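First the structure, in the form of structure tokens, and then the observations on it.
Laboratory data are not the source of any read-out in this text; all were calculated from the coordinates shown. This structure is a prediction, so every number in the text was calculated from the model and none was measured. Cβ placement follows ideal geometry from the backbone for every residue including glycine, while neighbour counts extend to all protein chains displayed.
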């Protein structure tokens, strides 16, 4: 076995040093009736590197990947171009094969990067501080809701009509067994402003996504004002962080906590994971002490040199156990690194250009599609994703386009279930979508409609 | 006041003689380059990415345009490369040396796995593409499920949990849902958790709304069966047990524990963090387990990446299978479906744990690892992991003090008795290891052992590597005993930084860079 | 004239009339390591003996503070929020946590005096 350095001579010598006659003596504590004498059943024996690679190449070939088709899917996961240097750097041994930085003297690479990441996330979201990441945007949203419950000691959270349905389900699931309850407003396209009506004296937070799941932009300011007047917090959710290069940040519009999906920067689609949950909040002692996950913080070493450590750990499960703010342990280390490196390559200038380019491309496609028979763009505003009404069943239309190797967006029914928005289609455009892709989508739509 | 654990110095003592610290004009030292923060070297006008011309368009932003600066520093590509390569050189890594963190399983990360995960049929597909266009990816998830069920003998697997703790939550929520189905969720409130458990166990049980009842260990480091018998009752929802446990020991009475819990109407949750010690030697089904998460980033070697991402699929017994969360995979001949919607489901899923379908990138790597090893190799992995740990236990016992008698499983646990009266603490000892070129072992965990040092070498260390490591630790132990306290309390002196002031970091938190 | 009591949970009580000042013992403060945060109880809260009402944290540990006796919280040492190091520097003086009323003076009889506590910590 190529990964196992011991040979039979080594094993014999080591058993002798230990003072046992066979390896099974070391497994003697396994109850006799549960011991496995032969090999595990229904599994092949070891395979060469070449054989494994061949198997995976064949499996990979059985899917239609985004790079080989005109591609318009978004819905919380976006296809952006990731510079080659990002993937090169995250594969450096010292980043890839390091553990959580518990020994700061020999983990400054990871720790300094996390500190840079926290700063970038705080800047992007317009918030005071950010943590070192959570699993993804949806679980970050659930954590934000629970945190709002602890801070306000109130029992209700209100979910916006434009919140990604899978995010809403994640929040609802996370609150099972908790005292907090969920009021999820009926999904609807331009209805987020109506959330103020659901505010009452038991409301801990309202959760609003911007741009919302239909791609529509939401002015958070009146919502935050109303929430604060009612003693509740505003949790802003962002599933497409590139939008923050062009639109006002949640912090600027009065958000108290921001939960976002950071996949768009530095991380590929990867069929839904691993992604990177961004989590930012106000610099208020009460907030920070109730926040989930890890924080990297700045300090000095014994010689007075600046350095970084994981800090404020008493909130976490390894110290606080059942009273921890969250059970999270592992976060999204390597994905945060990819995020930070990509954003360092972009910088202010590049990030804003990227956002502008995305918006311009989306505007161009929206205009083209709106001119087609049987297609109507429903959005009054959008960033790089919008909703169209098609004359027919959007799921069937998307399937029919897929047969022509066009990945023409996400039927709303895929997210909301059948029966409600069957003729709605979400279409996303990024810098990777070319004019030839627009042509292909237009042709495919005309053929299948 | 509950003295949960005694403190240890978290601020370095004032060092008067920083003799090892050669001052240079540049701040760099040989290969170790000085590197400030990105925010100190980057510029708002610098950029490492080129763009095509951006067409003019009528904005559809509804008046919500950003009109202020974000403040993001940028760099050109060569500057970015240099910045992060320099930072990388301040990290210890498995590829640099033995990384004996107990309970963390720092084993070799095969590069084949990194290669295949980047194939476009896994890396460049969207989670919401039509399922007809992602059959290869779904088939891969099916294969991962098959391997995990074959290794554990269990009846079902939930793939979507994103890390170990997320998997724990998944398993405990399945148990909660089953209790709900039985009408007992309000009466079965108690979850038994050993004192030695990883902190995620009690935190998870609490997140599901259960009450935690701690189980003490007996003198052999295992669950105290007499106490367990008194605590079992009709209000027990489940026991959460790590096996092998966090002391590196196999719970000998595990089958009896399972029977006791089952007879009382409860469920057996097994923390599978240490599956790497027993796969191919026993199947958790045969131990009576109802639910167990598997840390793909430990047992199946997906890289730790400086703290994630992980993946924590959960295997379930027949009693719990119906409650697995959405989405789940269904096979129909050669064709695969992902059931994403409760309305389409014939089972009773407890809910959804996150958007999309789980950590695909980890599934690919873990499957490549499992296929490379095969049934024979996985068994050999467990045997070599246990052999390596016992070899270290035997060698190190010459100077160090094992916490318990007898053989261990995949990790060897020592207490600080051998440092008694030396003035050297577990922390000092660990920091001296850094000067010797080693990452310290897990220290002060599990909490049940004083000054604990938990050493897990994994199966991917050679005998020569173990011998060098053991010689170093033995020499350090002798040095401590011979009164060379200075070597320890000032350590490390050869790392990129000396001991950091964690007290200062926590008392006045600085969590981001800010312009002066 | 105040009288000093100690609990087995390493808390001290300085009793003056029907009021008590509470903190953690010098011994406990030493064991904790550098205190970095103190979570104080709410003023006006009525507490029962044994209830956990505050938390003292060092970098690597968090310890619950229990109400040593029953009563009502009348003051909290807010200075600790900005200067938690006071607990290490002067645990049984300026490092006090909170003041409370004594609802049932008979609860004091179960507590140790300074000499008994000294004996207790030597064990």
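Overview of results
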quantity	calculated
Whole-number Å³ per residue for the convex hull built on Cα positions in the stretch B:466-506	105
Enclosed volume per residue, in Å³, of the convex hull spanned by Cα atoms of chain B	218
Helix A:108-125 vs. chain A, principal-axis angle (Cα, 0 to 90°, nearest 10)	10
Equivalent ellipsoid, the stretch B:351-393 (semi-axes from 5 times Cα gyration tensor eigenvalues, Å)	31, 15, 8
Net lengthening on full extension, residue B:398/residue B:347 (0.36 nm per residue, minus Cα-Cα)	12.7 nm
Spatial separation of Cα centroids for the stretch C:8-60 and the stretch B:380-455, in angstrom	35
Order of B:516, A:256 under a 10 Å beta carbon neighbour criterion, fewest first	B:516, A:256
Mean projected area (nm²) of the alpha-carbon convex hull when the protein assembly as shown is viewed from all directions	41.8
Peptide B:294-300 - average C-beta neighbours from other chains (10 Å radius)	1
Kirkwood-based shape ratio for the stretch B:113-370, expressed as Rg/Rh from alpha carbons	0.97
Chain A: angle of helix A:49-61 to the longest principal axis, Cα-based, in degrees nearest 10	10
Residue exposure sequence - A:23, B:257, B:278, B:54 - by fewest surrounding Cβ within 10 Å	B:54, A:23, B:257, B:278
Compactness of the stretch A:1-63, expressed as Rg and Dmax over alpha-carbon positions, Å	17.8, 53
Fraction of beta bridges assigned by DSSP in the protein assembly as shown that are antiparallel (%, nearest 5)	70
Helical contribution to [θ] at 222 nm, DSSP H n ≥ 4, -39,500 (n - 2.57), averaged over the protein assembly as shown, rounded to 500	-10000 deg cm²/dmol
Coarse-grained scattering of the stretch B:374-493 at q = 0.20, 0.23 Å⁻¹, given as base-10 log I(q)/I(0) from a Debye sum over alpha-carbon atoms	-1.09, -1.38
Mean shadow area of the stretch B:189-332 over all directions, Cα convex hull, nm²	9.9
Burial order of peptide ranges A:326-332, B:333-339 (average beta-carbon count within 10 Å, highest first)	A:326-332, B:333-339
Debye equation applied to the C-alpha atoms of the stretch A:84-342, log10 I(q)/I(0) at 0.08, 0.14, 0.15, 0.16 Å⁻¹	-0.30, -0.90, -1.03, -1.16
Residue order, fewest to most surrounding Cβ atoms within 10 angstrom, among A:50, A:14	A:50, A:14
Base-10 log of normalised Debye intensity for the stretch B:219-271 (one unit scatterer per alpha-carbon) at q = 0.20, 0.26, 0.32 Å⁻¹	-0.66, -1.07, -1.39
Between the stretch A:1-59 and the stretch B:148-218, the Cα center-to-center distance that results, in Å	30
Rounded to whole Å, sorted largest first: equivalent-ellipsoid semi-axes of chain A, Cα gyration tensor	40, 31, 23
Degrees between helix A:435-448 axis and first principal axis of chain A (Cα, 0 to 90, nearest 10)	70
Relative pair counts by distance (%), Cα atoms of the stretch A:135-279, 10 Å bins	13, 47, 34, 7, 0
Alpha-carbon gyration tensor eigenvalues x 5, square-rooted, for the stretch A:1-140, Å	43, 27, 17
Tensor-based shape of the stretch C:3-122 (alpha-carbon gyration tensor, a/c under 1.5 rounded, otherwise prolate or oblate)	oblate
For the stretch C:51-107, alpha-carbon Rg and Dmax in angstrom	12.4, 37
Averaged over B:154-162, number of beta-carbon atoms from partner chains that fall within 10 Å	2
Gyration tensor verdict on the stretch A:324-436 (Cα atoms; rounded if a/c is under 1.5, prolate if a/b is larger than b/c, oblate otherwise)	oblate
Averaged over A:412-424, number of beta-carbon atoms from partner chains that fall within 10 Å	2
